[in-house]
Amino acid sequence: MTTQFKNSLCLLRILALGCAISHSRACWAGGSACVPGASARVCVAWDQGPDPVPNQDFTVSFADASNPAIELRTGANWIISSEQLVNGQPTDEPANIGSLTIDPSSSAEIFSVTIARDGGPGAANVGTITLDAASWAGHSSIAQGSHITGDLTGPLTLKSDANGDGGELTLTIDGDLTSAGVIDVPEIRALTIGSDVHGDVSTNLLTGSFVILGELISSDANIHVGDFADGLAGAELLCLGSYSGEFAGHLVVGGLGLDQAGACDVPGQSVLIIPKLTGDIDLNGQDLGGYLRFWGSGDVSNIGLVLD
């Protein structure tokens with residue numbers, strides 16, 4: 001296996017992507033590196049000055065040639081991607097990532113990861129995303145601009161620290177959330193699942209949007225939203241399933257801060273919309289400030305006052 005460091009043109013493209021994603025920096029003055037396998041290459045970029053060093057700042061394993069395993073060791077703002085190779089040449093098509101994990105080099109390392117390439121999707125199918133580690137006091141996030149074209153086929157875990165920093169998820173999944181694709185994160189800022197949901201989703205706090213566009217949320221799916229953020233002027237949007245779809249899963253919602261009615265295609269409005277309901281919804285005695293819309297034979301329990 002050889003490590004390839006990108007030429008200046010490719011590096012400029014990655015730096016431009018960093019500028020587009022990061023709203024807190026004028027531009028990243030960082031480095032990058034690519035590690036090719038037989039059918040895919042993994043590229044990483046970060047906001048540190050020098051190029052990241054393989055087997056020191058990160059590792060890539062091609063034990064499964066089609067599903068590379070990526071491990072980040074040095075805390076940073078990272079951009080990672082996996083690209084298909086044909087005859088050793090990049091194809092500009094996303095490839096799979098088998099696993100994305102961390103092994104922090106110190107207990108205070110902080111990891112913010114964007115899964116993207118040149119402003120577009122950074123991978124096809126993705127397996128395990130575990131940005132957590134034992135005896136580690138830092139925090140981790142999946143950052144704005146993260147996008148995969150395939151399915152999430154394994155668990156996704158993030159961590160906030162003792163001060164409540166980190167733990168934010170921003171991700172677009174074009175494909176399915178499979179039964180093994182369990183998402184458990186402290187905060188959802190923006191999560192879009194483009195197809196069916198068979199796995200669980202759990203978050204303590206929704207501060208942006210959680211949208212499922214697929215036809216089916218299966219009976220295997222358990223969805224838990226602990227609370228909605230306060231003071232966001234109706235920014236929260238929880239829309240589960242397409243209008244012609246079926247919600248057969250189980251939804252438990254904590255604080256419903258829904259102050260406006262609206263529809264799934266109306267941005268900037270808070271609303272809880274369910275398609276055909278054959279599963280169940282538990283509102284935990286919370287008041288409903290907007291509205292809950294659904295049809296079907298499912299069950300809605302423990303609803304408080306409908307205020308609008």
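The values are calculated or read from the model by the stated rules, or taken from the named source; none is laboratory data. Computed from a predicted structure; not experimentally measured. Note that we place each Cβ from the backbone using ideal geometry, even for glycine, and neighbour counts take in every protein chain shown. Remember, those area values only see protein heavy atoms, side chains included, never the ligands or the DNA or RNA. Shrake-Rupley method; radii C 1.70, N 1.55, O 1.52, S 1.80 Å.
Side notes on the structure shown:
- Ligands, DNA and RNA excluded, the heavy atoms of H198 present near 60 Å² of accessible surface to a 1.4 Å solvent probe.
- Sites T59 and N163, calculated FRET efficiency, Cβ-Cβ separation with R0 22 Å, nearest 0.05: 0.15
- Local charge for I148 was computed over the other residues whose Cβ lies under 12 Å away, with Lys and Arg +1 and Asp and Glu -1, and equals -2.
- In terms of its C-alpha gyration tensor, the stretch 83-188 has a prolate overall shape, because the principal axis ratio a/c (a ≥ b ≥ c, square roots of the eigenvalues) is not below 1.5 and a/b outweighs b/c.
- Cα gyration tensor category, rounded, prolate or oblate, for the stretch 150-208 with a/c compared to 1.5: prolate
- Paramagnetic label zone (point 7 Å from Cα along Cα-to-C-beta, A137; backbone N under 19 Å) in the stretch 86-118: 103-112
- Counting only Cβ charges, +1 for Lys and Arg and -1 for Asp and Glu, the dipole size of the stretch 100-230 around its Cα centre is about 200 debye.
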